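Working notes, beginning with the structure itself.
Laboratory data are not the source of any read-out in this text; all were calculated from the coordinates shown. All values derive from a computational prediction rather than experimental measurement. As a convention, Cβ positions derive from the backbone with ideal geometry for all residues, glycine included, and neighbour counts pool all protein chains shown.
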Amino acid sequence: MGAMAAMGALPAGALPPLPTLGVPGVPELKPLTRYEAMRLGPGWSHSCHAMLYAPNPGMLFGRIPLRYAVLMQMRFDGQLGFPGGFVDRRYWSLEDGLNRVLGLGLGCVRLTEADYLCSHLTEGPHRVVAHFYARQLTLEELHAIEISAVHSRDHGMEV
């Protein structure tokens, strides 16, 4: 029996629960709604990241369908990540903070609450809520964002 069959059918748009890692010293992720996340007190940091992607009709080696192009960045620590970062909830909505961070790193894209996917929190030594957004673009729009990123204010500093 497949993993999805064992969990049962999920409602449309619902994400399956994350498996527990069970790694000592690594805090577990706990899903919560956007509403619940917005009601957390001032002791929480909020980070917002976005997956920008586009359907790609290209073929790899003339045989393998590419299907999608996804924008990711090499971080300062050598790991790949989605664009975004920490937002200051005292001054901005999540989306305003995310758009500010994306504007510094990419230049030209604005996300809205309609692009929101999910939130998870960790209660380790650092109390962080991670918010994830996604937006489908055209391949041309995605390429334009890639090109504009090298001219952004923070290019080369963090990513």
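Summary of computed values
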read-out	value
Per-residue ³J(HN,Hα) for region 93-101, Karplus 6.51 cos²θ - 1.76 cosθ + 1.60, θ = phi - 60°, Hz, x for Gly and Pro	6, 4, 5, 5, x, 4, 5, 5, 5
Neighbourhood net charge (15 Å Cβ-Cβ; Lys/Arg +1, Asp/Glu -1) for residue 40	+3
Burial order of peptide ranges 58-69, 32-43, 114-125 (average beta-carbon count within 10 Å, highest first)	114-125, 32-43, 58-69
Neighbourhood charge, 11 Å Cβ-Cβ cut-off, centred on residue 131 and excluding it, Lys, Arg +1 and Asp, Glu -1	-1
Convex hull of Cα atoms in region 27-149, direction-averaged projection (nm²)	9.0
Counting DSSP beta bridges with both ends in region 27-149, the antiparallel % (nearest 5)	70
Charge context of residue 97, other residues only, Cβ under 9 angstrom, K/R +1, D/E -1	-1
